[in-house]
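*Asks:* Attaching a single structure in C-alpha cells format; questions to follow.
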Amino acid sequence: MEMKAIALLAIHCLALFYPGHGLSAHGPLTKEEDSELEARLKTLNKPPVRTLKAFNGDIIDCIDMYKQPAFDHPLLKNHKIEIKPSFLPLGVKKKRTAQATPVEQPYLLGECPNGTVPIRRTTKEDLIRHHFYGKTYVPKYNSSLVAPPLTHFAYLSLEAYKRGPLFTAEGYIDVYNPNVEAGQFSTGQILITDGPEELSASKIEAGWMVNPNLYGDHLTHFFTRWTGGGGVGTGCYDMACPGFVQTNPRIPVGFVLRNFSVYGHVPYDIVVQVGQRRRGSWWLFYGDKRDEIGYWPRNLFQYFSSGASRISFGGQVGRAPNRPSPPMGSGHFPDHDFTHSSYIRLIRYRSSQKRLETPSRDGTATHVDVPLCYNVTDEGDLGGVTGYATTFGGPGGNCD
C-alpha cells in the first residue's frame, strides 16, 4: 500500500520538474482533468489559520506547522517534526562588506501566528501550467553532470573522493533576472548529489530561478528542489508536493527576490547554505544570519545516507522542444569581471571537519556541456570578501 502511494505521488510530482509548451497550444481541460486538479488543490492547500499577501500579490497561507503538506508523504506518516536543527549553521560570523549588496528579505504584509508556517497558496492556474508542461515533456534525469535532454549546465564541482563525504555546502550567489520565456527556465544554484552515476541520484538544489511555467511570472524566485533518487521519481520544487518541512515562520520557499544584479553595476547576492549532520536531515539556511528555512527528512532519499558525493556551484537552464535555450546568469559569458557575469563567491564546504573549509584548486573541476552557449570559470581563492569563487553564464540560443 505504501509503495502504491509513493507511485501515485511520483506521477503528480513529475509534472513539476521541467518546463514545456505554453497553454495556447492546448485545448481546454477535460472534465476528468478538471476534477483531478480540484482534488489536488484541496490536498496541497491546507486550511489556513491566517492569510497574508506578498508584495508581488502572491497569497501566503499560514498553516499549522504540524498539518503542512509535507506530512502527506507516505514516508513521513509518523515523522516527528524537528523545530530546530540538531546543529548550528556554520559561518554566521562572516561579515558582509561592499563586495555586493544583500537582497532584501521577503516582504509579507503581516506575520504568521506562532505555531504556523507561511506557504505560498497553489492556484488552479498553477496546476494547469504544471499539468500541460508535464504532459508535453517529462525527461529522465540521470547523472547530475550529464545534462538531460533539453537542459544545459555550467558548474564548478567538489568531489567527495578527494576529501571524504560532504556534509555542508555554502555560497554567496549573485542574483540575476535573465530574459526567460514560457517553456524555459534559468537558475543560479547550489546542487548537492549522491548516488551512482548510472542511476538517478538523490539531489537537493537551492538558489534562484526564473521559471514562468512554474511560478506564472517572469520574476526571480528563491527556489528549492529535491529528488529522491534510485530511480524513484519523487520530488519537486519548493512545496509543490509533500516532502520539504517548513519551519521558518517568516520566510517561505519560492518567494520573489526583490533585487537583482544588472550588468556592469554593483551586484546583489544571497547566502545559501545546505547542511546535514551525519545521517540526519538536510537543513536549508538562508541569508547573512543563516536563518533556518526548513529541512528535507533523511528518509525521503534513496542515497544521502551519510553526506553527499558531490557539491556543485553554478547554473542550469532548460527549454521545451522547439524552443531556444534561455540565457544563463547575466546572459554574458564569464570574463573574470564579477559585475559582468553571475558568480558564486565565498564557496565553502564541510567534510569530516566541524568547520567550513575553503576549497583548493586541486580539489575542484569545472563542467559545462555546451561551451558554444555557456561557460564557467574556476577563479580560485581570491581571499578577502570574495574567497573561493566561480563565474558562470552565457547567452543561450540554438545550442543543440
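The values are calculated or read from the model by the stated rules, or taken from the named source; none is laboratory data. Only a predicted model underlies this, so the values are computations on that prediction, with no experimental measurement involved. Reconstructed Cβ throughout: ideal geometry from the backbone, glycine too, with neighbour counts over all protein chains shown.
*Asks:* Within the stretch 277-299, is there a residue that is closer than 18 Å to residue 160 by Cα, touching a residue at least 40 places away in the same chain (Cβ under 8 Å) and part of a strand (DSSP E or B)?
*Replies:* Taking every residue of the stretch 277-299 in turn, at least one turns out to be closer than 18 Å to residue 160 by Cα, touching a residue at least 40 places away in the same chain (Cβ under 8 Å) and part of a strand (DSSP E or B).
*Asks:* Now, a different point. In the stretch 252-259, is there at least one residue being under 17 Å from the mean Cα position of the chain (by Cα), under 22 Å from residue 57 (Cα atoms), aliphatic (A, V, I, L, M) and not in a loop (DSSP other than H, G, I, E, B)?
*Replies:* Scanning the stretch 252-259 turns up at least one residue that is under 17 Å from the mean Cα position of the chain (by Cα), under 22 Å from residue 57 (Cα atoms), aliphatic (A, V, I, L, M) and not in a loop (DSSP other than H, G, I, E, B).
*Asks:* With 21, 73, 12, 79 as the choices, which residue is at pLDDT 70 or above, buried (at least 17 other Cβ atoms within 10 Å of the Cβ) and either in contact with a Gly (Cβ under 7 Å, 6 or more places away or on another chain) or not hydroxyl-bearing (Ser, Thr, Tyr) (or both)?
*Replies:* It is 73.
*Asks:* Could you list all residues from the stretch 43-62 that are within 22 Å of the chain's Cα centre (by Cα), over 17 Å from residue 253 (Cβ atoms) and assigned to a strand (DSSP E or B)?
*Replies:* The answer is none; no residue qualifies.
*Asks:* Checking residue 185 against (1) of a type outside the set (Ser, Thr, Tyr); (2) closer than 22 Å to residue 376 by Cα; (3) touching a Ser or Thr at 6+ places or on another chain (Cβ under 6 Å), only one condition comes out false. Which one?
*Replies:* Answer for residue 185: the failing condition is (3).
*Asks:* Please state which one of 370, 376 is modelled with pLDDT of 95 or more, part of a strand (DSSP E or B), hydrophobic (A, V, I, L, M, F, W, C) and more than 17 Å from residue 192 (Cα to Cα).
*Replies:* Exactly one residue qualifies, and that residue is 376.
*Asks:* Being at pLDDT 95 or above, part of a loop (DSSP other than H, G, I, E, B) and crowded, with 24+ Cβ neighbours inside 10 Å, is that true of even one residue in the stretch 344-353?
*Replies:* Within the stretch 344-353, not a single residue is at pLDDT 95 or above, part of a loop (DSSP other than H, G, I, E, B) and crowded, with 24+ Cβ neighbours inside 10 Å.
*Asks:* Taking the conditions exactly as written (over 22 Å from residue 152 (Cβ atoms) and over 19 Å from the mean Cα position of the chain (by Cα)), does residue 341 satisfy them or not?
*Replies:* In short, no.
*Asks:* Quickly run through the stretch 300-323 and pick out the residues that are surrounded by fewer than 20 Cβ atoms within 10 Å (Cβ to Cβ) and either modelled with pLDDT of 95 or more or outside any loop (DSSP other than H, G, I, E, B) (or both).
*Replies:* The answer is 305, and nothing else.
*Asks:* Residue 333 is checked against (1) under 24 Å from residue 202 (Cα atoms); (2) part of a loop (DSSP other than H, G, I, E, B) and fails just one. What number does that condition carry?
*Replies:* Result: residue 333 fails condition (1) only.
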